[in-house]
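To start, the structure itself, in structure tokens.
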Amino acid sequence: MKCDVCDDKTATVFLTQIVKGNMQKINLCENCAKEKGVTDPTGFQLADMLLGFGQGARVETQPMEKSCTACGMTQSTFRKTGRLGCAACYSVFGDGMDGLLKAMHKGTRHIGKVPAHLSTRQADEEHLAQLRTALEEAVSKEAYEDAARLKSEIATLEKSLNQRVRV
């Protein structure tokens, strides 16, 4: 197999990279690989190299990286660990965090958790408020049978809620 750059020598370096779901392969001879910095231990981006083909452009190996002024946390360290160093990091790295948080959690706003026994109590209290509203409507419409049924439901629910408070 021949080198994709010089199309002369036999390829000895074979690179594959997936960028945005597309697989890109490139075959390089030893000289072209060294020329393009493939053997550079600081890293190599196939997509960057492919963009530089035919233009004689030198690809920058490491772009300027954001870092937190308070704790010194860098963007690459944050990506590797998945944790921020301090509270100030949220304002430094905040621009790109919405997508990351949506991927990791259900949303971008922390709402906390409610213990199960409290969440059912809250639901019952909301239901009680709805029943009271329905009772007022039934009385105003003079639907006394519905009002009596609602009053009975309210009394049962209030008794249940009062028993939970004592326990």
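The values are calculated or read from the model by the stated rules, or taken from the named source; none is laboratory data. From a predicted model like this one, the values you see are computed outputs, not experimental measurements.
Key figures
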| item | result |
| --- | --- |
| Answer from 84, 128, 100 - the residue that is assigned by TED's automatic domain parsing to the domain that holds residue 69, of a type in the set (A, V, I, L, M) and either at pLDDT 75 or above or not in a helix (DSSP H, G or I) (or both) | 84 |
| Qualifying residue in region 54-67 (condition: at pLDDT 80 or above, part of a helix (DSSP H, G or I) and hydroxyl-bearing (Ser, Thr, Tyr)) | no |
| Qualifying positions in region 139-158 - aliphatic (A, V, I, L, M) and under 48 Å from the mean Cα position of the chain (by Cα) | 150, 154, 155, 157 |
